[in-house]
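What follows is a short report on a single structure.
The values are calculated or read from the model by the stated rules, or taken from the named source; none is laboratory data. Just so it is clear, the model here is predicted, and its values are computed rather than measured. Cβ placement follows ideal geometry from the backbone for every residue including glycine, while neighbour counts extend to all protein chains displayed.
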Amino acid sequence: MLCREVMKSEVETFRETDSVLAVALRMREVNIGFVPICDADGHPLGALTDRDIALRVCGEDRRASETRTGAVMTREIITCRESDPIEAAEELMARYRKSRMMIVDEDGRLVGVISLSDVVEEEDDRRAAETMRQISEREIHP
C-alpha cells in the first residue's frame, strides 16, 4: 500500500506570516491539533501544533495576535513521497518519534498528511502496537 492511498489529502495549511491567533481559531473551528506551514509554492516549512501554542505562545506569555507562526512553529518535520510504501512512513514515524508526517509530491509540494491513527488502521495489530510504542517513547524519554 502506498502513502497516497492512506493519506488525508484535504489538509488545512497556513503561512509563516499568519498570526498564531488566526491559525488557533481555525484549529479550534475544525477541531485539529496540527497544521502544516508552507511557503507560497506549497513546500512544507514546518508545522504548528496545539503543543507549540501552549508552550511557545501561552507558556512564554506572548500575544497570539502579534506572534507569527514562523516564530513558534516546529521546524523539524519528516516527509515521505506520495509514491512511497506506507511501511516507509511507518518506519520514519517510529524512528523520529512523530505521530504525524507530511506527504509530498515529486516536486516537494505538500499533498497530504498521514497520522499514527491512519497507519494503525492499515497495519496488523502487532506492528501497530510496536509503532505506537516507539512513537510514545518520546513522551517518556524526550
With the requirement that a residue be over 13 Å from residue 24 (Cα atoms), surrounded by fewer than 15 Cβ atoms within 10 Å (Cβ to Cβ) and among the hydrophobic types (A, V, I, L, M, F, W, C), what does region 49-77 give you?
55, 71
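Of everything in region 11-32, what is in a loop (DSSP other than H, G, I, E, B) and either touching a strand residue (DSSP E or B) at 6+ places or on another chain (Cβ under 6 Å) or more than 15 Å from residue 100 (Cα to Cα) (or both)? Give them in sequence order.
11, 12, 13, 15, 16, 17, 18, 31, listed by residue number.
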Which of the helices (runs of 4 or more DSSP H) found entirely inside region 44-130 contain at least 1 residues meeting this: in contact with a Cys (Cβ under 7 Å, 6 or more places away or on another chain)?
86-96
Members of region 79-118 that are at pLDDT 95 or above and either in contact with a Pro (Cβ under 9 Å, 6 or more places away or on another chain) or within 16 Å of residue 48 (Cβ to Cβ) (or both):
79, 101, 102, 104, 108, 109, 110, 113
Could you list all residues from region 14-45 that are in contact with an Asp or Glu (Cβ under 9 Å, 6 or more places away or on another chain), at negative phi and small (Gly, Ala, Ser)?
19, 24, 33
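For every residue, the table says whether it meets (1) among the aromatic types (Phe, Trp, Tyr); (2) over 21 Å from residue 115 (Cα atoms); (3) in contact with a Leu (Cβ under 8 Å, 6 or more places away or on another chain).
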position	(1), (2), (3)
42	no, no, yes
45	no, no, no
68	no, yes, no
73	no, no, yes
78	no, no, yes
